[in-house]
Amino acid sequence: MYHAGPSAVDAVRALKELARERPDELELFEGFTDAELDGWTVAVPEEVRGVLREIGGLETDDHEYRFGPRGREVFTDGCWTLGDTDFGEGSLIVGVGAAGWGPVVAVNPWGSDPDVTVEAPDFTTWLTGFTERLADGVADRPRGTFSVSATSTVALAEADHAGGAGHGGDRALAALVGRGDPLTDLVDLHGLPGYPCSVDWEPYFSTFHDTADTGSSEVQFEIVGEGRALLLRSVVSGDFLGRAVRRHRVPADAARRAVAELRELADDCPGFVALDAGCADSDMDGWSVPVPEDVRTVFREIGGVAIAGLPALRLLPGAPEHAVDPDLHRMLGGDGSYWPLARIVHGRGHALAQVRIDPTTGRWGYVVSVPGDGESLRTYPELALLAESLPDLLLTFTRLARRAAAGPDFAARMARDTRWLFPNTGEPWPRPAPVGEWTGSADPLLAAATELPDGTHAADLRAVPIPSDLCFYRAAGWPYAARLERLHFAAAGRLAAAVPVPMPVPASVNVPVVG
């Protein structure tokens, strides 16, 4: 359908001829002057100018496309939106990098079968193909006869960092994604097998299982690198996560790195960062919980971290911020199951950041934030996942502090960038599932969860974004009147479950029989 290298003259001539033949079916919009084209914020190559001087867009019974901005409209995100697809459910976009206009991509992220299709390598090729279909009376959009897969931006960035798949052409792609984002995928738009080319991709959110709240998730898309790649970012808001993400890798020597980077940060930013002294191994040997070597690596050197704009981290026991009332202590699992780190204030509420500890193995695992008021937790059971480990959290803080130090108002920037420390402040929602859904699972962690009491809801936290908000009471199956009995954390926080207080069984009612 699409031929290589169509000329602007051919495309314009064919459209004008169709408009003369079918004036009731096709309207051509006025073109742009060279002065208008020269005033745009993007370069307009001569072949594209050949179209835009003559035609500024078109309208048919089924489509309306505008080929450039008028009035207050502007180019954004490396592309121009030519028009809508599928009755406004999707967008047809074209890259407007300096090297040329292309490719042309249809993005429709909604419904049960989301669709992303690279329709043509450049604008004039797309216009020629559209004109051919219009002449043939074909109203449907072209479907992909070729296919390509989207790639996790985190996987792409870390492959380049490791010196693996990032060699050669992929290094240019890695440069476009920086550190990568767990909710963003990339489509390489160079070297596609053919056109139109469908993309094997789906959003990270799901509208199934009932939306959690407002159902306002969206997909943000952007063409980057002068048409080299398409970025697809899932903004999970009001829906549950629909599939696993690729997280940033936590380095094997994270504890050592965290100590070194915190010390360097404190030296470089003495007005914003202060560290407390650590403690001896003999002190740790006397604590009520076993302390593994990676945690000792931190505690030997650092006993507390104060960063402007953040709640103070008190790593050693006995800090007043660690005080927990007995009822909350019981709901959190009791002695030996968690290690308090910080008291987090948010509005009138507060939460307790803590490292989850596996009582069986003594392993220190995920860092979570749980409401610090027992009645709030009992009524609205929820938590925030903050990090895979204490060293991981410290490395995150140092990275954010380095970024804040590069600009004005360090403390305000840090506070703004760490709102996720308090539960339910806008991060993605993993779906809490009734544990019965995992009956017969081959995954030992999920299979073990099925032994929890009836009514328990749980979420597998091993492949969700960090940070994430786990709100048990938003699950469709969590009864409105239910109250939390306790939180259960398996494998040092890899799975989190809410066990409700058993609901009373209503007494049977004897209905008199009239006869």
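The values are calculated or read from the model by the stated rules, or taken from the named source; none is laboratory data. These numbers were taken from a predicted model, which means no experiment stands behind them. Here Cβ is always computed from backbone atoms with ideal geometry, including for glycine, and neighbour counts include all displayed protein chains. We work out accessible area using only protein heavy atoms, side chains counted, and drop any ligands, DNA or RNA first. Shrake-Rupley method; radii C 1.70, N 1.55, O 1.52, S 1.80 Å.
Inter-part distance, region 23-96 to region 209-226, computed on C-alpha centroids, equals 25 Å.
Rg and Dmax over the alpha-carbon atoms of region 166-232 stand at 14.7, 44 Å.
Measuring nothing but how far apart in sequence close Cα pairs (under 8 Å, 6+ apart) lie, relative to its length, region 56-189 scores a relative contact order of 13 percent.
Averaging the sequence gap over all C-alpha pairs within less than 8 Å and six or more residues apart, then dividing by the number of residues, gives the chain a relative contact order of 10 percent.
Rounded to the nearest 0.05, what FRET efficiency do W110 and D285 give with R0 = 56 Å and r taken as the Cβ-Cβ distance? Could you check? Efficiency, from the Cβ-Cβ distance: 0.45.
Once you have a ≥ b ≥ c as the square roots of the Cα gyration tensor eigenvalues for region 299-379, tell me rounded if a/c is under 1.5, and otherwise prolate or oblate according to whether a/b is larger than b/c. The shape class here is oblate.
If you average 1/r over every pair of different alpha-carbon atoms in the chain and take one over that average, what Kirkwood value in Å do you get?
Working: mean 1/r = 0.0379 Å⁻¹.
Roughly 26.4 Å, rounded to one decimal.
Could you list the residues of region 108-142 with an amide nitrogen less than 18 Å from a label point located 7 Å from the Cα of F75 in the Cα-to-C-beta direction? Of the residues in region 108-142, 121-127 have backbone N under 18 Å from the label point off F75. When peptides 122-131, 376-385, 201-210, 259-268 are sorted by average Cβ neighbour count within 10 Å, with the highest value leading, the order is 122-131, 376-385, 201-210, 259-268. Each label was represented as a point 7 Å from its Cα along the Cα-to-Cβ direction; for S216 and H322 these points are 4.0 nm apart.
Take E89: with every protein chain present and a 1.4 Å probe, its accessible area is about 100 Å².
Evaluate Rg over Rh across region 330-458, taking Cα atoms for both radii and Kirkwood's formula for Rh.
Values: Rg = 16.9 Å, Rh = 16.6 Å.
Ratio of gyration radius to Kirkwood radius: 1.02.
Between the C-alpha center of region 383-439 and that of region 244-268 there is a gap of 15 Å.
Apply 1/(1 + (r/R0)^6) to the Cβ-Cβ distance of R66 and D10, taking R0 = 25 Å, and write down the FRET efficiency to the nearest 0.05. Walk me through the numbers on the way to the answer.
Values: r = 21 Å, r/R0 = 0.85.
Between R66 and D10 the formula returns 0.75.
With the biggest extent put first, the Cα atoms of region 272-330 measure 36, 28, 16 Å across the principal axes.
The accessible surface of the chain, taken with every protein chain in place and a 1.4 Å probe, is 50 percent carbon and sulfur. Label sites at D170 and V235, each approximated as a point 7 angstrom past Cα along Cα to Cβ, lie 3.1 nm apart. Close amide H contacts of I302 (hydrogens built in the peptide plane, cut-off under 5 Å, sequence separation of 5 or more or a different chain): G278, C279.
Where both bridge residues fall in the chain, DSSP classifies roughly 95% of the beta bridges as antiparallel.
Rg and Dmax over the alpha-carbon atoms of region 109-151 stand at 12.4, 37 Å. Average projection, convex hull of the Cα set of region 108-264: 12.8 square nanometres.
Looking at the P(r) of region 44-161, how many percent of alpha-carbon pairs lie beyond 18 Å? Here the long-distance tail beyond 18 Å is 57 percent of all Cα pairs in region 44-161.
So what is log10(I(q)/I(0)) for region 391-515 at q = 0.16, 0.19, 0.23 1/Å, when the Debye sum runs over its Cα atoms only? With no solvent term, the Cα-only Debye profile gives -0.87, -1.05, -1.32.
Rounded to the nearest 20 Debye, what is the dipole magnitude of the chain about its Cα centre when Lys and Arg each give +1 and Asp and Glu each give -1 at the C-beta? Intermediate results must be reported in sequence, preceding the final value.
Working: 44 positive and 75 negative charges, 352 e Å.
In debye, rounded to 20, the chain gives about 1700.
Mean silhouette area of region 235-362, derived from the convex hull of its C-alpha atoms and averaged over all directions, reads 11.0 nm². With the gyration tensor restricted to C-alpha atoms of region 16-69, the semi-axes of the equivalent ellipsoid amount to 24, 11, 8 Å, longest first. Under a model in which nothing but the beta-carbon of Lys, Arg (+1) and Asp, Glu (-1) is charged, region 103-146 shows a dipole of about 20 debye around its Cα centre. Using the 1.4 Å probe convention, the accessible area of the chain works out to 46 Å² per residue with neighbouring protein chains retained. Considering region 406-479 at the alpha-carbon level, its Rg and Dmax are found to be 16.8, 54 Å. Inter-label distance, F208 to R133: 2.9 nm, where each label sits 7 Å from its Cα along the C-beta direction. Calculated mean residue ellipticity at 222 nm for the chain: -7000 deg cm²/dmol, from DSSP H runs with n ≥ 4 weighted as -39500 (n - 2.57), summed, divided by the residue count and rounded to 500. Just so you know, the Rg over Rh for region 1-97 is 0.95, from Cα atoms, with Rh as the Kirkwood radius.
Of the peptides 400-412, 449-461, 245-257, how do they stack up when ordered by the mean number of other Cβ atoms within 10 Å, highest first?
For the peptides 400-412, 449-461, 245-257, the packing ranking is 449-461, 245-257, 400-412.
Calculated FRET efficiency, S147 to S441, Cβ-Cβ distance, R0 = 30 Å: about 0.45 to the nearest 0.05.
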